[in-house]
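A short worksheet on the structure shown next.
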Amino acid sequence: MKTNQLWKPCCSVVALLMLPALGKTDVILDWNAIMQATVSTQTPFPQARFAAITQLAVFEAVNGITREYQPYLGTITAPPNASAEAAAATAAHDVLKNLLPSSAATLDTSLAASLATIPDGPAKTAGITAGQAAAAAMLAARAHDGSSPAAFYLPSSSDPGVWQPTPGCTPAGGAFYQWRNVTPFGIRSGSQFRLGPPVTLPSDRYARTYNEVKAVGGSDSTERPTDRANVARFYAAVTPVGVFNDAARQLSAAQGKSLSENAHDFALINMAISDGAVATFDSKYHYNFWRPETAIHNAAADGNDQTAPDGTFAPFIVTPCFPGYPSAHGTLSNAAREVMEQVYEGGQLSITLTTAAVPGVTLNYTTLTQITDDIEDARVYGGIHFRTDQDAGSALGRRVGQYVYNHNLRSVHGDCPTNR
């Protein structure tokens, strides 16, 4: 069976486009859910960029009123009695409507519903003005960030270990080649945390990770347990934006976070996810390491007598069309996890994840590590990554997340984060 691949010093602290009904909860959580549903029509890396732009606009709008954190752009000010709720809803709406105009009608309806809960008057008007200004400023800041035009990579060698287009690729070659040069949101550059090289083909370690994915990752594998098949299918259908924004809303609601805290936390989480994408493509296209599908077909030439070839191997889920090292899902997910372990530290964790794309599968977690562990298994049992790709993605993501948390949107009160 195959599944389609969707694919500074101190500081303090889904698959269907169905927008949720707005409730009397927290407008940040409401519009984060709307954001997630709206961007779900996009592939994972544009999705992450759109999410970060949206949540940073929301943060700038709210923080321009509450002034609890150091700003991101620093150009938004509003009277302290302005409605932060009106500012947040307007900022999210205006960014999403600009980026995804096909969703304009639904977004307009959602904004009207949000604003209807806020009494008319100067506070509401000032909040709307702040939200509009924050959205416009963030969109202008990201207008020429290198995310377009699309660029593709074609390998110049077919040597063992070098990435080759797999059957799911289009003739254009490796996708998202330009993403390694996208301007990050919170780290200095995509190469700031560039990984060391992947495991060498003649090594025992390569043989172990090769034989693992060959045994459990094939479409006809008899060694893949049902629960690992379920996580492989689930995380092939749900992106890091979908997983970790959903999880963050659950944790925020359970911990009773304030509107200002939520604006701050969701901005950092989505900055980290998006910067994880930039960092992962820097390392991916620096090393151009092959995928299991290519490796298993061509193992006779890899110089390792512990790896037997299988020309009939097909992965359980479709291999994405770009190099394998490091795992993008691993990088983006662990970047989010690192931030979330900081902002939700000390609270009770109970997270339930479902998606209409994989009916009948419900995943329950009590730690964020359990989620990223399942994601690591998902890519190996799905047959599209070596375990070493996952280990590297985990390390890279945590470095990105730690840096984003420690160096952005710091509290004006001067509390320091754990320096991990």
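A short reminder: the numbers here are calculations on the coordinates, not readings from a lab. As the structure is a computational prediction, the values presented were derived from the model and not from experiment. All Cβ positions, glycine included, derive from the backbone under ideal geometry; neighbour counts span all protein chains shown.
May I ask you to list the GluC sites (Glu not before Pro) in the range 175-280 that are in a DSSP loop and have at most 13 other Cβ atoms within 10 Å of their Cβ? Hits after loop and neighbour filter: GLU223. Extents of the range 27-141, largest first, come to 39, 30, 21 Å (Cα atoms, principal axes, whole angstrom).
A cut-off of 5 Å between modelled amide H atoms, ignoring neighbours fewer than 5 places along the same chain, links TYR69 with VAL412. Per-residue packing, averaged as other Cβ atoms within 10 Å, sorts the ranges 125-134, 62-71 into the order 125-134, 62-71, beginning with the highest. In nanometres, what is the gap between the two model label sites at THR77 and ALA300, each 7 Å from Cα along Cα-to-Cβ? The two pseudo-label positions are separated by 7.3 nm. Placing unit charges on the Cβ atoms of the charged side chains and taking the dipole of the range 27-141 about its Cα centre, the candidate lying farthest along the positive direction among GLN132, ALA37, ALA48 is ALA48. For the range 240-362, the calculated P(r), taken from all Cα-Cα distances in 10 Å bins from zero up to the bin holding the longest distance, is 12, 30, 27, 19, 9, 2 percent.
Only one residue of THR355, VAL380, PHE266 has its Cα farthest out toward the positive end of the dipole of the chain, where Lys and Arg carry +1 and Asp and Glu -1 on Cβ, and that residue is PHE266.
Across all directions, the average flat footprint of the convex hull enclosing the Cα atoms of the range 202-407 is 11.8 nm².
Would you give the gap between the C-alpha center of the range 368-407 and the C-alpha center of the range 139-176, rounded to a whole Å? Between the Cα centre of the range 368-407 and that of the range 139-176, the gap is 21 Å.
Quick one: divide the alpha-carbon radius of gyration of the range 298-353 by 2.2 N^0.38 Å and tell me what you get.
The range 298-353 yields a ratio of 1.84.
Annotation: the residues VAL318, VAL213, sorted from fewest to most other C-beta atoms within 10 Å of their own C-beta, follow the order VAL318, VAL213. Per the Cα gyration tensor, the chain maps to an equivalent ellipsoid with semi-axes of 39, 21, 19 Å, ordered largest to smallest. Residues within the reach of a label modelled at SER350 (point 7 angstrom out along Cα to beta-carbon, backbone nitrogen below 17 Å), restricted to the range 235-279, are 247-257.
Over the chain, DSSP H runs of length four or greater, each weighted -39,500 (n - 2.57), average out per residue to a 222 nm ellipticity of -17000 deg cm²/dmol.
At q = 0.17 Å⁻¹, what log₁₀ I(q)/I(0) does a Debye calculation on the Cα points of the range 96-233 give, no solvent, two decimals? After summing over all Cα pairs, the log10 values are -1.17.
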